[in-house]
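Report on the structure given below.
The values are calculated or read from the model by the stated rules, or taken from the named source; none is laboratory data. Bear in mind the structure is a predicted one, so any value in this text is a computation, not a measurement. Cβ placement follows ideal geometry from the backbone for every residue including glycine, while neighbour counts extend to all protein chains displayed.
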Amino acid sequence: MTTTQDQTRTSADRPEAPDPRENTVTWWEIQVPDLGAGKAFYGAVFSWTFTDFYPGFAICHGPDGAMIGGVEQVDEAPAGRHVRIYVQTSDLEATLDRVVAAGGTVVTPRAVVSDEFGWFALIADPAGLKVGLCTDLPARAPA
């Protein structure tokens, strides 16, 4: 995913107080073989509602209407499906650097979700498990 949106920020753009979401799970995605059936199941069980975001993907809303995660249609066998978490970070590039230094890989570098939702990246741990990262802050200006 690419964007023409400005992805740099200055020190003035950094929040003064720590973001309470820092290093917490702020998003998840459940993979299902049939999007309609998955929405029906999770809606019936948890009273979640859904907004189709793009083909094969719907945003999940909790009972209060807040966005809480997503449901994605995939063709993989059940053992290959999973729930993916997204961890909030205030410095996406520094986090990606730490991933590589710790033996992981960057699967998807910084990419825009939308003007409203900011940016994300996907990483894989040394065993190949993918974890998402998210931020609402643009990239730091290079030093």
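Just to check your reading of the model, which residue among Glu76, Glu72 is charged (D, E, K, R) and either under 16 Å from the mean Cα position of the chain (by Cα) or part of a helix (DSSP H, G or I) (or both)? Talk me through it step by step, then tell me what you get.
Numbers: Glu76 fails: either under 16 Å from the mean Cα position of the chain (by Cα) or part of a helix (DSSP H, G or I) (or both).
Of Glu76, Glu72, the one residue that is charged (D, E, K, R) and either under 16 Å from the mean Cα position of the chain (by Cα) or part of a helix (DSSP H, G or I) (or both) is Glu72.
Here are some conditions: (1) outside any loop (DSSP other than H, G, I, E, B); (2) touching a helix residue (DSSP H, G or I) at 6+ places or on another chain (Cβ under 9 Å); (3) not assigned by TED's automatic domain parsing to the domain that holds Asp34. Cys60 meets all but one. Which one does it not meet?
Result: Cys60 passes all but (3).
Among the residues of segment 80-98, is there at least one that is part of a helix (DSSP H, G or I), hydroxyl-bearing (Ser, Thr, Tyr) and touching a Ser or Thr at 6+ places or on another chain (Cβ under 8 Å)?
Taking segment 80-98 and keeping what is part of a helix (DSSP H, G or I), we get 80, 92-98.
Among the residues that remain, those that are also hydroxyl-bearing (Ser, Thr, Tyr) are: 95.
Restricting the remaining residues to those that are touching a Ser or Thr at 6+ places or on another chain (Cβ under 8 Å) gives 95.
Yes: segment 80-98 contains one or more residues that are part of a helix (DSSP H, G or I), hydroxyl-bearing (Ser, Thr, Tyr) and touching a Ser or Thr at 6+ places or on another chain (Cβ under 8 Å).
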